[in-house]
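For reference, the structure discussed in these notes is given below.
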Amino acid sequence: MNPSYTIYGALGSGSVPVEAAMTLLDLKFAVVEAPTWEGEAQQAKVAAVNPLRQIPALVTPAGETLTESAAILIWLADSHPEGRLGPAVGDPRRGQFLRWMTFIPASIYSLFWVRDDPSRLAGPDPEQQARIKAATANRIADCWAMMDSQLTPGRYLLGDDMTVLDLYVTVVSRWGPRRSRFYDVAPRMSDVVRRVDADPRLSDFWAKRFPFVDGWESQGASPTADE
Ligand SMILES: N[C@@H](CCC(=O)N[C@@H](CS)C(=O)NCC(=O)O)C(=O)O
């Protein structure tokens with residue numbers, strides 16, 4: 001039987017929290033592997049579903065295409081309330097859920113457009129590129145610290161139920177400047193992401209889609225585009 005959903009994504013990328021959510025929801029999906037940061041040929045695989053040539057992009061069973069990681073995650077949680085992966089409209093946690101689900105792509109994930117290829121803003125000068133890389137790492141660390149100061153996590157970020165926000169933060173905090181710095185600047189969220197890393201329902205999934213390779217918590221040690 002054909003899977004109902006198609007996700008355009010890649011190992012260790014922004015498709016991983018979406019794939020994790022679909023795994024927890026027990027949805028059938030096929031992955032079109034397209035590590036877009038590797039260049040033209042990979043970007044071309046995505047062009048038909050996302051003219052920006054970025055992943056993740058999700059094609060639903062109804063044939064609709066969704067882009068934007070946060071929108072996809074919220075849509076999945078809302079469309080499958082039985083999976084309890086997000087507070088519904090009317091739930092007192094809904095406002096903070098939307099706040100942080102929007103903060104991550106607006107303030108953190110968007111910086112990877114330049115981090116993955118600093119020449120996009122810096123031009124060919126390696127010194128300028130290194131400066132942008134360091135400045136964006138500092139900005140990301142500041143954003144995590146601010147978020148950490150505003151949340152009072154329980155077992156998970158919004159209380160005692162796991163939501164797609166936990167999956168999102170768990171994956172994005174593995175990108176530059178990586179977990180070792182995240183643990184320093186976001187001690188309260190650190191307990192949560194470690195819990196999600198260790199969730200037995202996801203252990204096979206992490207091994208396949210974002211493996212914990214040697215030294216994965218430090219800069220430069222993860223099998224993704226961002227160093
Ligand atoms: N706003 C998008 C950003 C997606 C994004 O930056 N994806 C990266 C991979 S993790 C990508 O495809 N980069 C290639 C490029 O920007 O050219 C989202 O939240 O889904």
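Once you have a ≥ b ≥ c as the square roots of the Cα gyration tensor eigenvalues for region 43-110, tell me rounded if a/c is under 1.5, and otherwise prolate or oblate according to whether a/b is larger than b/c.
Numbers: a/c = 3.73, a/b = 1.51, b/c = 2.47.
Since a/c reaches 1.5 but b/c is at least a/b, the shape of region 43-110 is classed as oblate.
Across region 94-199, Cα pairs under 8 Å and at least six residues apart give a relative contact order of 26 percent. Between the alpha-carbon centres of region 1-45 and region 128-206 there is a gap of 21 Å. Volume per residue for region 131-174 equals 61 cubic angstrom (convex hull of Cα atoms).
Helices from the chain with mean Kyte-Doolittle at least -1.0 and a Cα length along the axis of 27 Å or more, per DSSP H: which? Spell out each step's value before the answer.
Numbers: long enough: 126-150 (36 Å, -0.61).
Span-like helices here: 126-150.
With protein chains left intact and a 1.4 Å probe, residues in region 33-170 average 48 Å² of accessible area per residue.
For Ser218, tell me the accessible area in Å² from a 1.4 Å probe, rounded to the nearest 10. Ser218 has an accessible surface of roughly 60 Å² with all protein chains in place.
Using a 1.4 angstrom probe on the protein heavy atoms only, could you order Thr102, Thr36, Thr23 from most to least accessible area? Walk me through the numbers on the way to the answer.
Values: Thr102 80, Thr36 15, Thr23 50 Å².
Sorted by accessible area, descending: Thr102, Thr23, Thr36.
As an exercise, identify the trypsin sites (Lys or Arg not before Pro) in region 39-141 lying in DSSP coil whose Cβ has no more than 14 other Cβ atoms within 10 Å.
Values: sites: Lys45, Arg53, Arg84, Arg93, Arg94, Arg99, Arg115, Arg120, Arg131, Lys133, Arg139; in loops: Arg53, Arg84, Arg93.
Qualifying residues, ordered by number: Arg84.
Could you please tell me the mean projected area of the C-alpha convex hull for the chain, averaged over all directions and given in square nanometres to one decimal? Let's see the in-between values first.
Numbers: hull surface 50.4 nm².
Hull-based average projected area comes out at 12.6 nm².
For the chain, a simple Cβ point-charge model (Lys and Arg +1, Asp and Glu -1, everything else neutral) yields a dipole of about 260 debye relative to the Cα centre.
In percent, rounded to a whole number, the relative contact order of the chain is 20, using alpha-carbon pairs under 8 Å and six or more apart. Averaging 1/r over each pair of different alpha-carbon atoms in region 94-199 and inverting the result gives 14.3 Å, the Kirkwood hydrodynamic radius.
So, with a 1.4 angstrom probe, what is the percent of accessible area on region 97-227 that is carbon and sulfur? Mind showing how you got there, number by number?
Numbers: 2990 of 5810 Å².
Roughly 51 percent, rounded to a whole number.
Of the beta bridges in the chain, as assigned by DSSP with both residues counted there, near 60 percent are antiparallel.
The values are calculated or read from the model by the stated rules, or taken from the named source; none is laboratory data. This is a predicted model, so every value here is computed, not measured. In this analysis, Cβ positions are derived from the backbone assuming ideal geometry, glycine residues included, and neighbour counts consider all displayed protein chains. Ligands, DNA and RNA are stripped out before the accessible areas are found, and what is left, the full protein with its side chains, is counted by its heavy atoms. Shrake-Rupley method; radii C 1.70, N 1.55, O 1.52, S 1.80 Å.
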